[in-house]
């Protein structure tokens, strides 16, 4: 675990060594603020809460998180430094976990910087801060889920654009799997798959957190989902090393 943390620290330092990290954070904050206060009709609703914020958060992460993860392994493969990384006294699993933790920590930092939104609603009214805290926990988990998918797709190619597109596409499938247009189609044609699709919807499970509910099945789901895609990531990296 120590080796993974060393890699994570090195990767996280690398994010802030370039303007890319700051540009991403600014885009995230501006986009989330615009959607919450304008598109979400925050002031017109007359309620001091962050419901609009959490309604848009998964979709913003769906587009922006793959932009973070696309370079994790694709850049290493393009520059040929992946071989150097894997010759260090670390296992593929430690390298995978380390890179993932760095990207996840970066997402958490970006999410933490939205704290002024919490201050704003507390100034304007008396929101349930417990519900808000649960929503933020859900945001941390869903960003980790999208990151794990993006890291795996990044390991599959040297091209960051392809890694981004694959990451968005796969995450989009898991985001929409419980939406009526999907479940209604499956109910009519493949009823067995309809229930499975609902169970794999990351956004539907996130909504429980946004409502202030922390359920053990949802925690287990996110932990398993992230673990599965990190395993896929490790397998792909190991295959690349063998090749």
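Over all pairs of distinct alpha carbons, what does the Kirkwood formula give as the hydrodynamic radius of region 2-242, in Å?
About 18.8 Å for region 2-242.
Please arrange 126, 177 by how many other C-beta atoms lie within 10 Å of their C-beta, fewest to most.
Listed from fewest to most nearby Cβ atoms, that is 126, 177.
How do 229, 59 line up, fewest other C-beta atoms within 10 Å first?
Ordered by Cβ neighbours within 10 Å, fewest first: 59, 229.
Per residue of the chain, what 222 nm ellipticity follows from adding -39500 (n - 2.57) for every DSSP H run with n ≥ 4, rounded to the nearest 500?
-26000 deg cm²/dmol
How would you rank 100, 16, 146, 43, going from fewest to most other Cβ atoms within 10 Å of each one's own Cβ?
The fewest-first ordering by Cβ neighbours comes to 43, 16, 100, 146.
Compute the distribution of all C-alpha to C-alpha distances in region 92-136, in bins of 10 Å from 0, and list the percent of pairs in each, rounded to whole numbers.
Reading the bins upward from 0: 23, 36, 22, 15, 4.
Measure off 7 Å from each Cα along the Cα-to-Cβ vector at residue 115 and residue 63, then give the distance between these two points in nanometres to one decimal.
2.7
How much length is gained if the chain between residue 17 and residue 30 is pulled fully straight, taking 0.36 nm per residue apart and subtracting their Cα-Cα distance, in nm to one decimal?
2.5 nm
With an 8 Å Cα cut-off and a minimum separation of 6 or more residues, compute the relative contact order for the chain in percent.
Relative CO of the chain lands at 26 percent.
Each reported figure results from applying straightforward, stated rules to the coordinates on display, with no laboratory input. Just so it is clear, the model here is predicted, and its values are computed rather than measured. Using ideal geometry, Cβ is built from the backbone for each residue, glycine included, and neighbour counts are taken over all protein chains shown.
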